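The structure under discussion appears below in the form of structure tokens.
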Amino acid sequence: MRSIINYLKDIFWGVMSLLKGLKVTASYFWRPGAIVTEKYPENRKYLVMFERCKGELIMPHNDKNEHNCISCGICQMSCPNGSIEVIPKTIDTEDGKKKRILDKHIYRLGQCTFCGLCVKNCPTHALAFSTKFEHAVFNKALLIKVLNKPGSQLKKGVEQ
Amino acid sequence: MDKIPLAEFIKSLDSDLEIKEGKQFTEVTVPPSKLHSLASQLRENDETLFDFLDCITGVDYGHDLGVIYHLYSTKFRHTVVLRTRTADREHPQFDSVSDIWEAANLHEREAFDLLGIKFASHPDLRRLFLNSSWGFPLRKDYVDNDIITW
Amino acid sequence: MPFDIYDFTSFTKWIDTSLENAMSPFWTTVTEMAIAGVLFILFYAVVGLFLVYAERKVCAFVQNRLGPNRLGPYGIFQTIADLIKLLFKELIPIKNADRFLFNLAPYIVIIVNFMVLGAIPYAKGLHAIDFNIGIFYIIAVSSMSVIGVLLAGWSSNNKYSLIGAMRSGAQIVSYELSVGLSLITMVIFAGSMQLSVIVEAQRTGWFIFKGHIPAFIAFVIYIIAGTAETNRGPFDLAEAESELTAGYHTEYSGIKFAFFYLAEFINMFIVASIAATIFLGGWMPFHIGTWEGFNRIMDFVPPFIWYLGKTFFVIWVIMLFKWTFPRLRIDQLLTLEWKYLLPINLVNVLIMAFIVLMGWHF
Amino acid sequence: MNNEWLIIFFLIGAIFVGVVLILSGIIAPRSINPQKFEPYECGIPTEGGTWLQFNVGYYMFAILFLVFDVETVLVFPWAVVMKEVGMAAFIEIVIFFFILGLGLLYAWKKHALIWE
Amino acid sequence: MEEKAKDIITDEQQEYIINIGPQHPSTHGVMRLVVSLKGEFVLNVEPHIGYIHRGIEKMCESLTYPQIIHLTDRMDYLSAHINNEAVCLAVEKALEVDIPDRVKVIRTLMSELTRIQSHELFWASYGMDLGGQTCYFYGLRDREMVLDIFEETTGGRMIVSYNCPGGVMYDLHPNFRKRVKEFIKHFRKVLPEYDDILTNNVIFHGRTVGIGPLPLKEAIAYGITGPSGRASGFSCDVRKHEPYSAYDRVKFNEVLFTEGDSYHRYLARVEEMRESMDIIEQLIDNIPEGPYAVKMKPVIKLPEGEYYQRVETARGELGVFIISDGNKLPYRVKFRTPNFANLSVLNHLVKGFKIADLIAIFGSLDFVIPDIDR
């Protein structure tokens, strides 16, 4: 007798548990408001990324085409993967001294792991992360970027 | 069990052992020949009861190869570090502790794979990650021939 | 009766007579068969494409997603695009496979589909074959699709497929019984195995309401066993994705895979339409007692729509099963059948017989 | 409508599959690569044969199924005439199902209903 | 013909060998299990690993301590933050730096959020392993909320790289508290749905209860830690026994069961999500003010010696063992990763169960393959 009651109980609880599960899924089916899909390519125009999002490394330039990089090479040293290469050049300043300025700041996006050590360690805040996250390219060579814009200058007042 | 009695207790098991109080744990240096017997004593003894093998680390000390065992007791919540080393770089061999702790099986295979340290009477000593023609990459004299440069 | 306004009998009769006037009886039959064949292929394709789309949308909504939404409004052309893609895919012959059986398997599953589809009453007069042993025939033929699955798995020369095939064998030996017994319950009630008679008997009320508790139990068992027979939902052991990657159709590529995919959906449609026909009154409209105004409004909905509505409701339920429950293990599958469904079914048949005998039904 | 209509459904099924297969065979591309014809086993060549003797484990179920399926076939005609014959038919089927149920119970208690 | 007959006879004695992986839906990564079967029953399982071995331990020997941290993200990518924390704690312990309270609380909060998102993914993928595909989407839906919290504060979603020796890289985002509270509120609401759809489901019970039982003695001997070990009754929560960061100031229960089967391994994780929410609720309203990092020397050199630090990741005990020779580069770094240790028990557990149970057991141990391979 006991076993028959248990048997019926099993059936009852089994069916109840299944119905509970069905209740959840069916309720979601009738609630289109719960849909969380991001309509990604369409929402590009009004897509707002979080301000700290580590999309890719950039070197902010102001409107006079000036950057903060003094080509000290700390970012290059602190990068764990060797994705940064700072190529300095020496120029003669107006008062006749030799001065080391940035020639090329090469950034290999394909090697970057977005650890943020370069941005954190930069003494002059010359580097930052942009929120651009669409990195797909057809040619690997395009992943090697030069961060300083052509003809850019060191911002006045940034100490060497 | 406190730290001091633990060291003393291990000393009482074998007075030849070199025992020192490290910053964190009691550290015992064992000659390879005594390793297995000491490990099984530590495991079985009611005073120590190191029933949990935390970690086995193979180390290349330059000229010596060594293995470091972190043992932990789930009852007394204390840890002991066993160290052993050998100068034989060609055929470094220690006794396997995988019969004392089953967990040692994979850890020892890993040490064999990456450092070439053999463990006698290990049930299944094969390369774990790498294929058999590979060198032993965690050795300090390992030279990688296929470094890919960008 | 007011709801016979949509009667296809006169329409088919008219075609028949006008054809007979034009040609000899033999050619009349051939032409009729050709027309029916084309219509059924069209129906098959449309239902298949729609069900694939519906499945995607149902599962997407259940999972808080949008589902296909790129091709056409709400992505309705997605399945057509998929079909075209599958047509353009390479058919890969597998090394050492049993070539004959490998190619035979998709034929079997599709032919079985067609043979069952022909025996289903879609509306009054829209009924290709009306056997007096209709239920018997449907049970017999529809269970053959599992043989296609078995052959596909066996012939593929693939270990996953073989295990999948063996599992489908287990499914044959279990859920056949439950389907049969739950339909027997309703045969007792209707006193006939002819589908058109059964539908006609539900003019005064659907069997699921007339037969109340035992009919409802039979309905639930039928849905469970039918889901199992179609290799779907929590019973998709033969293609158990997480263990056997794709099970019996691992090695099928391109359009051959599409056949199995399509057959699975049409099988689901068949199960649902049998459930709709036998339990939910087929193409009969929904009536409430003697409430004439309501009944009259219901009558104006065409019977084909009623039939489709009921069928798609059952399909929706079966789809929810798939997207809610975890998969059963092989021994759970057999336990469910032999220890739960079969005894309940046997008792249910007796209860139903007793109720019919006593006239306790509505 | 006659029963020879079955043939037409058999035929349209076969024609449907055949035509689509031929169509696909014409328009689908073909490329030869020996690796592609290997059976899929997660990208690793298979070890050992595929068609080995395989322990399917539902032998007892298959026998039981045979028994019960034959019984079901017997019950169908009964179900059709149940209403007309009345009480006698009901009593008969109770006895029939009782014996059948005993058989199932026997198998159950003998642990034949356990997957092995 | 004769030859063929001979083949069949010899075949009879063979086991039926099947590869599961490296390209398989339920190995959660590139891992290969060579399974010997007899019918549907598993005779033996041999894991073949190393498909994504990257030699992190070797790489660490040529990187400075702050640089090592970003590699640990890649081991157990689902407990990325906790892995980072382990290295930081080891370095800080070696240098005997005093860590501000704020950092401790931030780290604890982040660790617990990490644990929740990891267990959510476990729940999601375990449901999918057993065929309940919808679970996957519900789990990911709620996990996205945690990832949003991470992204807002750290800039990374999964690979956060938020720790640095001496503190964290940036301060918490002003929205952090609000978002966490929103998430907890939402999550408390959906957890009963999780239970309805999977935990209490009768099919799920049938699939997992009593499958792959692991007694306490064996759990300890095999070194099974984390929720898998605690399901067997092995009290191995490092947060309880060797509290680090702010775990000594919060109250929480160590989730312990005794059965140790797949169901309880699963249940331990679900319960841990509740415990983690409790911890977060205790801390979220009283994050102390203060600096978010201590100023460290630009070049971190650990004094000569050996340093061992245990932390509790979402999968078990992670041990970071650093041998320093006083340079800025470590001499040897060893990660005692939880998944590597847990892997050793797999063969022992699945013997005699069916191939479907293999998936259930494998899933319930919750492997992250890069953590095994390192």
Name the pairs: first residue in region E:19-31 and more than 7 Å from every other protein chain (Cβ to nearest Cβ) and over 19 Å from B:Leu130 (Cα atoms), second residue in a loop (DSSP other than H, G, I, E, B) and at pLDDT below 80, Cβ to Cβ under 9 Å, at least 6 apart or on different chains?
E:Thr27/D:Cys42; E:Thr27/E:Gly21
Which count do you get for residues in region A:71-85 that are open to solvent by 20 Å² or more (accessible area, probe 1.4 Å) and β-branched (Val, Ile, Thr)?
1
Quick one: which of A:Arg31, A:Arg52 is touching a Gly at 6+ places or on another chain (Cβ under 6 Å) and under 30 Å from E:Lys189 (Cβ atoms)?
A:Arg52
Requiring at least 1 residues that are in contact with a Gly (Cβ under 7 Å, 6 or more places away or on another chain), the helices (runs of 4 or more DSSP H) wholly within region E:163-273 are E:202-208, E:216-221, E:226-231
Taking only region C:173-212 into account, find how many residues are open to solvent by 10 Å² or more (accessible area, probe 1.4 Å), among the small types (Gly, Ala, Ser) and assigned to a helix (DSSP H, G or I).
3
On the given criteria, is C:Phe61 farther than 30 Å from C:Asp299 by Cα and either surrounded by 15 or more Cβ atoms within 10 Å (Cβ to Cβ) or touching a residue at least 40 places away in the same chain (Cβ under 8 Å) (or both)?
yes
A:Lys132 passes all but one of (1) of a type in the set (D, E, K, R); (2) closer than 30 Å to E:Ile68 by Cα; (3) part of a strand (DSSP E or B); which number fails?
(3)
Note on region E:93-133: residues part of a helix (DSSP H, G or I), open to solvent by 10 Å² or more (accessible area, probe 1.4 Å) and of a type in the set (D, E, K, R) are E:Lys93, E:Asp101, E:Arg102, E:Lys104
Conditions (1) surrounded by fewer than 18 Cβ atoms within 10 Å (Cβ to Cβ); (2) modelled with pLDDT under 85 -> C:Ala81 fails only (2)
Do we find that A:Gly96 is outside any loop (DSSP other than H, G, I, E, B) and more than 14 Å from chain E (Cβ to nearest Cβ) in this structure?
no
Helices (runs of 4 or more DSSP H) enclosed by region C:253-362 - at least 1 residues per element that are touching a Leu at 6+ places or on another chain (Cβ under 7 Å) and surrounded by 22 or more Cβ atoms within 10 Å (Cβ to Cβ):
C:254-278, C:303-324, C:330-335, C:342-358
I'd like the residue in region C:32-53 that is touching a helix residue (DSSP H, G or I) at 6+ places or on another chain (Cβ under 9 Å) and surrounded by fewer than 18 Cβ atoms within 10 Å (Cβ to Cβ) and, out of all such residues, is farthest from D:Leu6 (Cα to Cα).
C:Phe50
In region D:59-116, the residues that are under 20 Å from the mean Cα position of the chain (by Cα), at the interface with chain C (Cβ under 7 Å from one of its Cβ atoms) and open to solvent by 30 Å² or more (accessible area, probe 1.4 Å):
D:Ala62, D:Asp69
Return the total of residues in region C:110-126 being within 11 Å of chain D (Cβ to nearest Cβ), in contact with a Gly (Cβ under 9 Å, 6 or more places away or on another chain) and not hydrophobic (A, V, I, L, M, F, W, C).
1
C:Leu151: crowded, with 21+ Cβ neighbours inside 10 Å and facing chain D (nearest Cβ under 7 Å), yes or no?
no
Which of the residues spanning region D:4-22 are more than 16 Å from C:Thr31 (Cβ to Cβ), within 7 Å of chain C (Cβ to nearest Cβ) and of a type outside the set (Gly, Ala, Ser)?
D:Leu6, D:Phe9, D:Phe10, D:Phe16, D:Val17, D:Val20, D:Leu21
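Working carefully through the options E:Met145, E:Met158, find the one that is touching a helix residue (DSSP H, G or I) at 6+ places or on another chain (Cβ under 7 Å), in contact (Cβ under 8 Å) with a residue 12 or more places away in the chain, open to solvent by 10 Å² or more (accessible area, probe 1.4 Å) and within 14 Å of chain C (Cβ to nearest Cβ). Full working, then the answer.
Numbers: E:Met158 fails: within 14 Å of chain C (Cβ to nearest Cβ).
Just one listed residue meets the conditions, E:Met145.
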Please go through region E:313-328 and give me each residue that is within 12 Å of chain B (Cβ to nearest Cβ) and not in a strand (DSSP E or B), ordered by number.
E:Asp325
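If you check C:Ala140 against the conditions, is it under 20 Å from the mean Cα position of the chain (by Cα) and free of Cβ contacts under 8 Å to residues at least 12 places away in the same chain? Break it down into steps so the answer makes sense when it comes.
Details: under 20 Å from the mean Cα position of the chain (by Cα): yes; free of Cβ contacts under 8 Å to residues at least 12 places away in the same chain: yes.
Here the answer is yes, as C:Ala140 does meet what is asked.
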Of the residues in region C:241-265, how many are touching a helix residue (DSSP H, G or I) at 6+ places or on another chain (Cβ under 6 Å) and within 12 Å of chain E (Cβ to nearest Cβ)?
7
Test of understanding: among A:Leu142, A:Leu147, A:Leu109, which residue is out of contact with any Ser or Thr (no Cβ under 8 Å at 6 or more places or on another chain) and either open to solvent by less than 30 Å² (accessible area, probe 1.4 Å) or not assigned by TED's automatic domain parsing to the domain that holds A:Cys79 (or both)?
A:Leu147
So which strands (runs of 3 or more DSSP E) stay within region B:29-106 end to end and still have 1 or more residues that are of a type in the set (Gly, Ala, Ser), crowded, with 22+ Cβ neighbours inside 10 Å and touching a residue at least 60 places away in the same chain (Cβ under 8 Å)?
B:52-60
Of the numbered conditions (1) within 14 Å of another protein chain (Cβ to nearest Cβ); (2) surrounded by 12 or more Cβ atoms within 10 Å (Cβ to Cβ); (3) out of contact with any His (no Cβ under 7 Å at 6 or more places or on another chain), A:Cys115 fails exactly one; give the number of that condition.
(3)
Here are the criteria: (1) touching a Phe, Trp or Tyr at 6+ places or on another chain (Cβ under 9 Å); (2) in a helix (DSSP H, G or I). Tell me which single one C:Ile147 does not satisfy.
(1)
I'd like the residue in region E:48-91 that is closer than 16 Å to E:Cys164 by Cβ, over 19 Å from the mean Cα position of the chain (by Cα) and open to solvent by 10 Å² or more (accessible area, probe 1.4 Å) and, out of all such residues, is nearest to the other protein chains (Cβ to nearest Cβ).
E:Gln67
Scan region A:2-18 for residues that are facing another protein chain (nearest Cβ under 10 Å) and open to solvent by less than 90 Å² (accessible area, probe 1.4 Å) and report the count.
8
Would you mind stating whether E:Met296 is away from chain B (no Cβ under 14 Å), part of a helix (DSSP H, G or I) and among the hydrophobic types (A, V, I, L, M, F, W, C)?
no
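The values are calculated or read from the model by the stated rules, or taken from the named source; none is laboratory data. Just so it is clear, the model here is predicted, and its values are computed rather than measured. No Cβ is skipped: glycine too gets one built from the backbone with ideal geometry, and neighbour counts run over all protein chains shown. To get the accessible areas, we keep the full protein, side chains included, count just its heavy atoms, and leave off ligands, DNA and RNA. Shrake-Rupley method; radii C 1.70, N 1.55, O 1.52, S 1.80 Å.
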